Amino acid sequence: MKGLLNHWFKKNKTEEIQEVEEKDSLSSQEEERKEDIQSAHEKWHHEVDALYTLLANYYGSDKLVLKATRLEAIPLIQSDTIQERTAGLLKLILDDPTDRPLPSEEEIPQLLMEIEDHLAELIARRAVEDRLDKAVADKMQERHEDYVKEIKSQLLKENSGPDNAQTLKKLAHIEKMNQVKLASSVSEVLRPQAVAEIIGQEIPMQFLLAKLATPYPQHIIIYGPPGVGKTSAARVALEEVKKNVNSPFAESAPFVEVDGTTLRWDPRDVTNPLLGSVHDPIYQGAKRDLAETGIPEPKLGLVSDAHGGILFIDEIGEMDPVLLNKLLKVLEDKRVSFESAYYDPNDPQVPLYIKKLFEEGAPADFVLIGATTRDPREINPALRSRCAEIYFNPLEPRDIQHIVSQAAQKLGANLVENVPEVISNYVFEGRKANTILTDAYGLSRYRHPEQPEVLVQVEEVYEVLRSARLTPYISHKAENHGEIGKILGLGVHGFVGSVIELEAIVFPGREGKGTIRFNETAGSMARDAVFNATAVIRSLTGEDLKDYDVHVNVVGGGNIDGPSAGCATTLAIYSALKNIPLRQDIAVTGEISIQGRVRPVGGIAEKIFGAKQAGVKTVLIPKENQADIPSGLQGIQVISIETFREALEYALFEFLGGEGHGTYQSSPP
């Protein structure tokens with residue numbers, strides 16, 4: 001029994017001891033596991049701290065705080081739990097502002113490894129960037145040193161350039177000359193500045209403005225004699241239309257002026273100041289940086305300078321025909337193209353502006369205004385077809401007088417009452433009238449320097465006229481009486497009309513052996529008109545001029561260009577043959593046919609103005625020229641005729657108590 005008890009006791013004791021030992025073993029394992037977990041947490045905390053330190057070194061503490069604030073990661077960073085700190089680290093690395101679930105402890109090791117990989121990549125990229133930045137800085141420093149050396153070399157070259165004491169002395173002399181300035185030239189002072197100052201061209205000026213003050217301005221050719229204000233009118237017109245709401249011209253629209261007689265160019269287009277040219281580095285030498293690389297440089301011309309404005313070409317009828325055709329091409333395209341064998345579109349060294357000019361051309365959208373003193377028939381037909389045409393009037397004596405008075409006001413001079421009238425008798429150009437007045441003004445200033453106000457006397461004007469060897473341009477004035485064998489014809493030259501004195505005398509001769517003499521200098525067409533006159537007179541009177549000696553004379557021996565003196569010549573011969581006087585205040589123009597019809601001629605407007613200046617009261621023109629009579633005409637009567645008989649009705653004068661013949665009146669209505 002005792003043995004059983006001892007056995008049971010031992011057994012129970014052993015089991016108890018085993019139980020205790022097992023409990024002790026479990027407790028020890030749990031403690032070890034807790035220690036392992038605590039050790040892992042400490043390790044993770046160290047790793048996270050290390051990763052935060054690396055991030056702070058990478059971004060900088062301030063930038064890291066700013067980034068954490070932006071990503072709302074500050075609470076996670078300051079947390080004591082490894083899950084939140086790891087989540088905060090993940091936000092910073094991935095730059096992710098979204099709120100994700102916190103990672104579990106099992107996910108932390110994997111997340112830390114991924115974070116380490118991302119951070120390693122950032123640090124590696126920074127290292128590469130630093131190396132590149134250093135290499136770039138080294139290169140820049142090297143280039144900078146080379147650039148400084150080049151500048152120093154250039155300065156040395158400039159300091160030791162071609163200038164010496166003598167050339168520098170000349171430079172100083174030129175600079176000194178630039179400091180001396182006289183008053184403005186008289187042409188600038190007297191130049192018209194407003195539409196109202198363009199005298200004698202009210203209607204043409206209205207048409208000029210109408211063709212520019214529109215959304216669709218036209219190219220224009222202005223015809224007219226010299227000195228009537230064509231250039232000034234174009235310049236003033238641009239300034240005027242800038243104020244019009246319908247005008248396409250901006251306030252800064254340029255007015256580029258050039259003389260057609262001075263436009264010289266090279267057919268190879270090596271130089272072309274009008275259209276522009278290409279400066280090839282071999283021939284002309286482009287800019288230094290372009291010449292070194294062999295790049296051609298386009299140079300823009302006047303057509304591009306006038307882009308958006310007006311290009312005014314004075315004496316456009318004198319331009320080279322080939323250059324004019326090139327200009328017409330620009331008018332069509334509104335651009336100027338450039339070509340060069342040295343241009344390589346694939347060359348990366350070509351500047352963008354040069355590439356653009358070669359590939360697209362230079363803009364040249366402008367309005368062309370050309371002025372000429374030539375007859376329209378002498379102007380290039382292709383140019384005329386592209387342009388509207390405006391005819392400026394010859395200036396009348398009253399226009400010249402107005403111009404002289406206007407110029408005196410600008411000069412601050414007083415005029416004796418008849419000074420403008422005297423000047424108007426000697427010139428028909430506004431420019432020339434201003435020159436005479438300016439000379440007389442200077443003479444008065446010289447003679448009376450003490451007088452505060454300048455008074456221009458008639459005697460001073462006559463002295464200027466004698467010095468310039470000027471004579472009155474109207475050699476014959478119309479008279480209110482009749483004369484046998486004498487009539488006034490009309491001619492025109494360069495848009496300036498004038499009266500021509502024609503006289504005839506008839507002597508009885510031997511039957512069938514009479515002669516007809518005419519000025520040799522009058523021209524072949526004028527002589528033909530005499531022969532036509534003999535046929536008309538024979539059909540009208542039955543008289544054969546072969547039975548008479550007829551002498552026809554153009555007073556002054558001038559050349560009559562064209563057949564326009566035919567009707568006047570026939571009247572003079574008829575008057576001499578019939579011994580009937582002709583009116584001396586009437587002028588006649590028109591070609592005479594052998595059937596007695598008066599045929600149309602040119603230059604009607606100019607001839608009428610010329611007749612007005614000579615004091616003519618009535619002008620006879622062909623019926624077919626009636627549409628050519630200027631509108632608004634005052635101070636002269638214009639009558640259109642179809643036949644020579646009608647001309648006789650108006651031209652014959654009879655001394656019957658001062659009354660005229662037929663429909664003639666002593667003065668125009």
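Observations
- Criterion applied to G509, G542 was being at pLDDT 75 or above and at positive phi, and the one residue passing it is G542.
- Residues within the range 431-476 that are among the charged types (D, E, K, R) and loosely packed, with under 14 Cβ neighbours inside 10 Å, tallied: 6
- Here V404 meets each of (1) modelled with pLDDT of 90 or more; (2) of a type in the set (A, V, I, L, M, F, W, C); (3) surrounded by fewer than 18 Cβ atoms within 10 Å (Cβ to Cβ) with one exception, condition (3).
- Residue within the range 218-228 that is at pLDDT below 90 and among the polar types (S, T, N, Q) present: no
- Taking the range 630-669 as the range and being modelled with pLDDT of 60 or more, within 13 Å of G482 (Cβ to Cβ) and part of a loop (DSSP other than H, G, I, E, B) as the test, the residues that pass are F653, E654.
- For the range 110-125, the condition of being modelled with pLDDT under 75 and either outside any helix (DSSP H, G or I) or in contact with a strand residue (DSSP E or B) (Cβ under 7 Å, 6 or more places away or on another chain) (or both) holds for none of the residues.
- Pairs where the first residue, in the range 475-503, is under 22 Å from V427 (Cα atoms) and the second is assigned to a strand (DSSP E or B) and aromatic (F, W, Y), C-beta under 8 Å, 6+ apart: F495/Y223; F495/Y391
- When the range 136-165 is limited to residues that are of a type in the set (S, T, Y) and surrounded by 10 or more Cβ atoms within 10 Å (Cβ to Cβ), the one that is modelled with the lowest pLDDT turns out to be S153.
- Test: I487 is at pLDDT 80 or above, closer than 30 Å to Y391 by Cβ, out of contact with any Pro (no Cβ under 6 Å at 6 or more places or on another chain) and buried (at least 23 other Cβ atoms within 10 Å of the Cβ): yes
- For the residues I354, I313, the requirement of being surrounded by 15 or more Cβ atoms within 10 Å (Cβ to Cβ), aliphatic (A, V, I, L, M) and in a strand (DSSP E or B) singles out I313.
- If the condition is being of a type in the set (K, R), surrounded by fewer than 22 Cβ atoms within 10 Å (Cβ to Cβ) and within 26 Å of I516 (Cα to Cα), then the range 577-628 contributes K578, R597, R599.
- Among the residues of this structure, V258 counts as one that is of a type in the set (V, I, T), under 14 Å from A371 (Cβ atoms) and either touching a residue at least 24 places away in the same chain (Cβ under 8 Å) or not in a loop (DSSP other than H, G, I, E, B) (or both).
- Against the numbered list (1) part of a loop (DSSP other than H, G, I, E, B); (2) charged (D, E, K, R); (3) touching a Phe, Trp or Tyr at 6+ places or on another chain (Cβ under 8 Å), D365 comes up short only at (3).
- Among the residues listed as D62, D95, D80, the single one being on the phi > 0 side of the Ramachandran plot and loosely packed, with under 10 Cβ neighbours inside 10 Å: D95
- Yes/no for L102 being of a type in the set (A, V, I, L, M) and either modelled with pLDDT of 80 or more or part of a helix (DSSP H, G or I) (or both): no
The values are calculated or read from the model by the stated rules, or taken from the named source; none is laboratory data. These numbers were taken from a predicted model, which means no experiment stands behind them. A quick note on method: Cβ atoms are made from the backbone with ideal geometry, for glycine too, and the neighbour counts reach across all protein chains shown.
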